[in-house]
Amino acid sequence: MAGKRKTNEAGSSTGLRADVLRVLGVLKAATADQIQRLSSPHLTYRHTLKETAAERKEARTASHRGALNDLRRHGLSVDGGRTRGGEEVRLLTKDGLAAAGLELDRGPEEMGGMPKSAGRSGASHAMTVNETVIAMIRPKPDLALVTGEPTEAIAAAQAFVDAPDGIGTITSYATEVALPATGTWRNPGVGCAWADIVLTAPEVGLPLLFIEADNCTEEAPIIAAKFDKYMRHFHRMVKDTDGRDKPMWRTRWSAHDPQWGDATHPPVLLVFHQVGKRPALQQMKNVAALTREHWQGQWADGFHLYNQKMPIVATTLELLREHGPAGPAFWRFGREDRQNLWEAIGNPRRDAALARLAEEGRRRLAQEAAEREAQRPVCADCGQKFTDDRWKASIVVDWGCGDSHPHLCDDCKARAVEAERQAAQAEHERQEQERQETETAQASKAGGWLGRWRS
């Protein structure tokens, strides 16, 4: 026990250090508060009897700060300065990134780069990226782990559990992912796009979503230029393992197959955090106007087609926190109203139109089937309806010869044919018997005449 305490002086457990490595492996730079909210959300509802918010935060993040201190002693993490609010930021070292890769089961090229301004200027962009991931996941507390807490704390935990779910877990996300227009995944060319966040959650119908976070400090043209880089990457073709050309992004990620001539590029979500002076809503409008060539669809009889376009969706961090991905927090460039994330990146009007066409097709086929059924012949003998094969056979004409019993089903036809065969056989036997009797009579008559002539 003494040896373990000497190795991990803060007394952190192996499981807790693994949780911290997974979170930092994705976020790269984070505070103990962010790590705690992601990996142990139940702690948010503990220590509620502490007098001040600072004391409550100190208590609920203590175990994760201990794990971070132990990781630092092992050379896996380092201090990364402080946020503007004074919270300490922790970063992974090269060895720490490798250890996190093992915990996440990701190769070096899948780990992404270090976040912008990590450890400098309060790491404001990295903090917004982290808060976006937390707002997307909406980690829910285990109610069994808040048993015994004050009623108000349990009620708050229950309310969050009952709220709409988020998307995925920390392992569903990656940050600072290169999207090379030149170069390779491991060594991207200069000027490539770097996605702040990449979400892969096929289990909820989101196989691939890129997310960009902005603190309302950059000018709209600078933000819009990012989408030019995105489009350059989306247009890049490479040879796949089967020797065929394929969009480069499809060699790394999966996505839905194109539907009815509507082959869109992967969607991009813009999350604005009102830190800077530029109003978030105006930023959305300005970026939408500057990127129209990338997202504007073509009208196609009741809906738009977005073939070779990029769905761009925007929201604010405040709306995302309030509603979550399942709520009306997202504005798709080119549309009027806010929608949930799935509707915003999708094409509900097209889906509804195709559903109507499919329903009309089903009704038409059902009507045609009913009309055909009404015309189906009925056996003149037993009253049973003809099978499809019998119906077809009854109207086939082969070299001028039709069906011998077109008004009978197969069974009745077989019985009729057999009866006719037996009747024909009996008639043949009768005729044969008459022939034999005639021949016998004639022979007898001839014999009598010959006898009289001889005498």
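The values are calculated or read from the model by the stated rules, or taken from the named source; none is laboratory data. Keep in mind it's a predicted model, so treat the numbers as computed, not measured. With ideal geometry, Cβ positions are generated from the backbone for all residues, glycine too; neighbour counts draw on all protein chains shown. When the accessible area is computed, the model is the full protein with side chains, heavy atoms only, and any ligands, DNA or RNA have been set aside. Shrake-Rupley method; radii C 1.70, N 1.55, O 1.52, S 1.80 Å.
Brief remarks on what is shown
- Matching residues in the range 389-434 - criterion: being loosely packed, with under 10 Cβ neighbours inside 10 Å and either at pLDDT 90 or above or in a helix (DSSP H, G or I) (or both): D389
- The residue that is modelled with the lowest pLDDT, among those in the range 303-330 that are within 20 Å of the chain's Cα centre (by Cα) and among the aromatic types (F, W, Y), is Y306.
- Check on V20, open to solvent by less than 70 Å² (accessible area, probe 1.4 Å), touching a helix residue (DSSP H, G or I) at 6+ places or on another chain (Cβ under 7 Å), outside any helix (DSSP H, G or I) and in contact (Cβ under 8 Å) with a residue 24 or more places away in the chain: no
- Among (1) of a type in the set (A, V, I, L, M, F, W, C); (2) open to solvent by 60 Å² or more (accessible area, probe 1.4 Å); (3) modelled with pLDDT under 95 - the single one A255 does not satisfy: (2)
- When the range 195-222 is filtered for residues that are surrounded by fewer than 21 Cβ atoms within 10 Å (Cβ to Cβ) and over 23 Å from the mean Cα position of the chain (by Cα), the ones remaining, listed by number, are N215, C216, T217, E218, E219, A220, P221, I222.
- Sub-7 Å Cβ pairs linking a first residue in the range 289-312 that is under 17 Å from P221 (Cβ atoms) and of a type in the set (A, V, I, L, M, F, W, C) to a second residue that is modelled with pLDDT of 95 or more and open to solvent by 20 Å² or more (accessible area, probe 1.4 Å), at least 6 apart or interchain, are L290/P221, ordered by first then second residue.
- Enumerated strands (runs of 3 or more DSSP E) restricted to the range 76-191, each holding at least 3 residues that are open to solvent by less than 20 Å² (accessible area, probe 1.4 Å), farther than 30 Å from K246 by Cβ and at pLDDT below 90: none
- In the set W249, W260, W295, only one residue is farther than 14 Å from T315 by Cα, at pLDDT below 85, out of contact with any Asp or Glu (no Cβ under 8 Å at 6 or more places or on another chain) and not basic (K, R); that residue is W260.
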